[in-house]
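The structure appears right after this line, and notes come after that.
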């Protein structure tokens, strides 16, 4: 008889991000901000779900810490077997955007072959990119 394994069930990325946003809702409201999940329905997350969600949780927490009165958008695209997730934050503050992507987050991402960084910073917009191989780890 087969036992349940967390890797047996593929949960769409949009569903996981919705759950994460729900957890952050109170903090977003307190900061007079909101988070929009623009990930397309049905986009599969094949990589380690725990690690991906842990990294996204920390990134959103850090964005909410340094921003206020902001629209935060989460998007994702899959290129071959690579997932690219962007977090866009359109706030007017120039404070501490480098604190959003810590060395700990980068180290955690590297464990699944991923990368996290701030790819573009323009006036009123910070873009955080998180990319990783979207393949299931060998058992």
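The values are calculated or read from the model by the stated rules, or taken from the named source; none is laboratory data. Source: prediction; values computed, not measured. All Cβ positions, glycine included, derive from the backbone under ideal geometry; neighbour counts span all protein chains shown.
Observations
- Criterion: at pLDDT below 90, touching a helix residue (DSSP H, G or I) at 6+ places or on another chain (Cβ under 7 Å) and under 21 Å from residue 112 (Cα atoms) - qualifying residue of 11, 66: 11
- Within segment 38-72, tally of residues that are outside any loop (DSSP other than H, G, I, E, B), touching a strand residue (DSSP E or B) at 6+ places or on another chain (Cβ under 7 Å) and surrounded by fewer than 17 Cβ atoms within 10 Å (Cβ to Cβ): 2
- Here is the figure for segment 99-118: residues that are closer than 20 Å to residue 75 by Cβ and in contact (Cβ under 8 Å) with a residue 24 or more places away in the chain total 7.
- Residue count for segment 25-37 under the criterion of being part of a loop (DSSP other than H, G, I, E, B) and either modelled with pLDDT of 95 or more or crowded, with 16+ Cβ neighbours inside 10 Å (or both): the result is 2.
- Residues within segment 118-139 that are modelled with pLDDT of 85 or more and either closer than 18 Å to residue 47 by Cβ or assigned to a loop (DSSP other than H, G, I, E, B) (or both), tallied: 8
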